[in-house]
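Taking it in order: structure first as structure tokens, then the write-up.
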Amino acid sequence: MIQLLKMAFRDLGRNRRRTFFSALAVGVSLAILILMASVIAGEIGGAFDAAIRLQSGHIQVRSASYDENKSSLKWEDLVQNPDQIAAQIAALPQVKAATPRLFASGFLSTGNESAGVRVTGIDPQSAASDPYRQGLVSGDYLTADDSTGLLLGQPLALKLHLNAGDNVSLSINTANGDVAEQTFVVRGIYTTNTYGFDSATIFLPLAKAQAITQTQNHASTVFVLLKDNSYTDSVASALKPGGLKVLTWKDLNPLTVQFESLANSYIGIFYLIVLAISASVVINTLIMSVYERTREVGILSAVGMRGGRIMMLFLAECALLAVGGVLIGVILGWGATLLFNIHGFYIAKMGITGILVGNSIFARLTLSNLISLSILTFIITVLSGLYPAIMASRLQPVEALRAEK
Amino acid sequence: MEVVKIEKATRVYKIGAVETQALRGVDLGIDAGEFTALVGPSGSGKTTLLQLIGCLDQPTSGTVWVDGKDVTRLNRNQRADMRRGHIGFIFQFFALIPTLSAYENVEMPLLLNGHTPKERHDRVMELLSAVDLVERAKNRPDQMSGGQQQRIAIARALAPKPALILADEPTANLDTENGRQVMEIMEKLNKETGVTFVFATHDPRVIKYARRVVTLRDGLIVENNGNGKKS
């Protein structure tokens, strides 16, 4: 076998330029796959991260009758005494933060401009609110007892031409179906670098939100952040709040889950197309090699090399080519991912709705993607050598010896 | 004892609708230790006959025995095994593997036969010494003259200790001096090792080395006699 590999290696060295370009074709294909897989993983991972961090948390505890799409504020659709439930959940060791939140639909207007908004009542001091506090770009952050201030996302502030300290009128639905209106001060402007979220979400302190919507001591949800994603199922199954439902981030982000599944299906087809192109280059190289070495195949056959071994010789060449290609591909793919991540791919203004994605997509190169794509490329490349190898092994010795080369 | 026995062998090539009879019914026996020349003009069937004996091709009809075995009924792999163990080849175009050194070329049949590294080394060095090319062991074919390449090909043919060595126009691409050297080495090895040599040629300078000359014309043996030489 070592001798076979030695022969195969030397055979590849005969036409170094052709061998290099064939390996490069395999390498570039693998690099494209690695970059694509990393971008998709980055996009989906980023979407889940953003959704969990900003909107859904890892787990939410809600009233069984709560309909998120309607942002219902009826008391029977809300969680009663949410602080008590949140405190119980927060006592679990896997939990980073558990805090009540209230969601309501509202309408923000200034003199000439207006915009529909999702009002979120939050506990400003909770660790779950860190992304908004840390994202403050101007003004001040909210305090729990602030009864006149609100936090505004940066794109919304730009759209409404508002700055910190400006007054703005908020119309908001209440528990009894009325609309309450009050003038607020823009206490601060934040960004989470997630355009879809920042352009539609404003924050009030929970107490103020409950007061204006007349939902005293009720919340839409108890928002739970865990110390690690992997705790989700175990914590969710441990929570048994009476009359309430427990939803995980997968339940709360069905579109992102669907998008992930769809992306995985499409990328599989993409992989096959790219690898088919690279395989055709390898097939072409090896077929040329078989034609150029027909007489040599005849000699090997004459000295008693069986067809199977001749086939193995060409497959060994293909395997070495594949190893070279995979090495090139890993380096190029890794480099391309690094290059991609210098600026990321800006998508904020693309109007993506339904799922939360950051303003820029960044690639995530995972070890499992790197290994699985390298193995896939290696296998496809070696398989592509099968036809030329069989062709060589079936050459008739007499015909082969008669060949010009 | 006959190393080769051929009975009523024919070989017909079909190219499209055209049939060419390369052999028209050949009977031949070659004893162990012979140094025999197959002679005749181009197209007489010499090479075809060598290919049938060498299990590189199969007769259209008739039977070929090599080393006591009927090789006409062997499948592709069995014929490869037969060549590997019983038959050595020397071709007109030297036929060395260009990516392998002289040493590795001679070693190739031994590798295929599963010899140990020590056995291979000893045998290769013995043969390189026999063809007087030990100093060229590490050279690749393109670093050697035609005569040297052909001597390496002789060493390779002898490596597995075959019963029979077939040489097709072994001096056709060599100058007179190299051709003479090659023939003298073949003759010497035939005498020293007792291996049977059968070579196809139409070069009178080569024919004179043969102890038996078989003449073919139009696919038939027309003469089969000694060459005035003693074994």
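The values are calculated or read from the model by the stated rules, or taken from the named source; none is laboratory data. All figures in this text were calculated on a predicted structure; none of them were measured in a lab. Neighbour counts are summed over all protein chains in view; Cβ atoms, including those assigned to glycine, are modelled from backbone coordinates with ideal geometry.
Table for the structure above
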| read-out | value |
| --- | --- |
| Wholly within region A:100-176, strands (runs of 3 or more DSSP E) carrying at least 2 residues that are farther than 23 Å from A:Ser72 by Cβ | A:136-139, A:149-153, A:167-173 |
| Residues of region B:41-56 that turn out to be more than 12 Å from every other protein chain (Cβ to nearest Cβ), buried (at least 24 other Cβ atoms within 10 Å of the Cβ) and assigned to a loop (DSSP other than H, G, I, E, B), as a count | 1 |
| Evaluation of A:Val117 against (1) under 28 Å from the mean Cα position of the chain (by Cα); (2) surrounded by fewer than 18 Cβ atoms within 10 Å (Cβ to Cβ) (one fails), failing number | (2) |
| Flag if A:Asn229 is in the same structural domain as A:Ser129 (by TED's automatic domain parsing), out of contact with any Cys (no Cβ under 8 Å at 6 or more places or on another chain) and closer than 30 Å to A:Ser374 by Cβ | yes |
| Residue list for region A:290-299, filter: more than 7 Å from chain B (Cβ to nearest Cβ) and in a helix (DSSP H, G or I) | A:Val290, A:Tyr291, A:Glu292, A:Thr294, A:Arg295, A:Val297, A:Gly298 |
| Hey, B:Arg79 touching an Asp or Glu at 6+ places or on another chain (Cβ under 8 Å), more than 8 Å from every other protein chain (Cβ to nearest Cβ), charged (D, E, K, R) and part of a helix (DSSP H, G or I) or not | no |
| Hey, A:Leu225 among the hydrophobic types (A, V, I, L, M, F, W, C), under 26 Å from A:Pro124 (Cα atoms), within 22 Å of the chain's Cα centre (by Cα) and at pLDDT 85 or above or not | yes |
| Residue within region A:198-219 that is over 17 Å from A:Gly106 (Cα atoms) and β-branched (Val, Ile, Thr) present | no |
| Hits in region A:7-32 (condition: more than 10 Å from every other protein chain (Cβ to nearest Cβ) and more than 36 Å from the chain's Cα centre (by Cα)) | A:Asn15, A:Arg16, A:Arg17, A:Arg18, A:Thr19 |
| Filter result (among the small types (Gly, Ala, Ser) and either buried (at least 20 other Cβ atoms within 10 Å of the Cβ) or over 24 Å from B:Ala159 (Cα atoms) (or both)) within region A:308-335 | A:Ala316, A:Ala319, A:Ala322, A:Gly324, A:Gly325, A:Gly329, A:Gly333, A:Gly335 |
| Test for A:Val282: is it more than 14 Å from chain B (Cβ to nearest Cβ) and either over 37 Å from the mean Cα position of the chain (by Cα) or modelled with pLDDT of 90 or more (or both) | no |
| Lone qualifier among B:Leu166, B:Leu174 - being modelled with pLDDT under 90 and touching a Gly at 6+ places or on another chain (Cβ under 7 Å) | B:Leu174 |
| Options A:Thr232, A:Thr215, A:Thr192: the member that is surrounded by fewer than 20 Cβ atoms within 10 Å (Cβ to Cβ), of a type in the set (Val, Ile, Thr) and not in a strand (DSSP E or B) | A:Thr232 |
| All positions within region A:56-84 that are of a type outside the set (Ser, Thr, Tyr), buried (at least 20 other Cβ atoms within 10 Å of the Cβ) and in a helix (DSSP H, G or I) | A:Pro82 |
| Residue check, A:Val168 farther than 15 Å from A:Gly111 by Cβ and more than 34 Å from the chain's Cα centre (by Cα) | no |
| Some residue of region A:89-108 being of a type in the set (A, V, I, L, M, F, W, C), free of Cβ contacts under 8 Å to residues at least 40 places away in the same chain and within 21 Å of A:His58 (Cα to Cα) | yes |
| Spans of strands (runs of 3 or more DSSP E) in region B:127-231 with at least 3 residues touching a residue at least 60 places away in the same chain (Cβ under 8 Å) and surrounded by 22 or more Cβ atoms within 10 Å (Cβ to Cβ) | B:164-168, B:196-201 |
| Residues (within 8 Å of another protein chain (Cβ to nearest Cβ) and part of a strand (DSSP E or B)) located in region B:89-109 | B:Phe89 |
| Residues (within 19 Å of B:Leu189 (Cβ to Cβ) and aliphatic (A, V, I, L, M)) located in region B:88-123 | B:Ile90, B:Ala95, B:Leu96, B:Ala102, B:Val106, B:Met108, B:Leu110 |
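Conditions (1) in contact with a Leu (Cβ under 7 Å, 6 or more places away or on another chain); (2) over 17 Å from B:Leu220 (Cα atoms), marked per residue:
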{"residue": "B:Asp27", "(1), (2)": "no, no"}
{"residue": "B:Thr36", "(1), (2)": "no, no"}
{"residue": "B:Gly43", "(1), (2)": "no, no"}
{"residue": "B:Gly54", "(1), (2)": "yes, yes"}
{"residue": "B:Gly62", "(1), (2)": "no, no"}
{"residue": "B:Gln78", "(1), (2)": "no, yes"}
{"residue": "B:Asp81", "(1), (2)": "no, yes"}
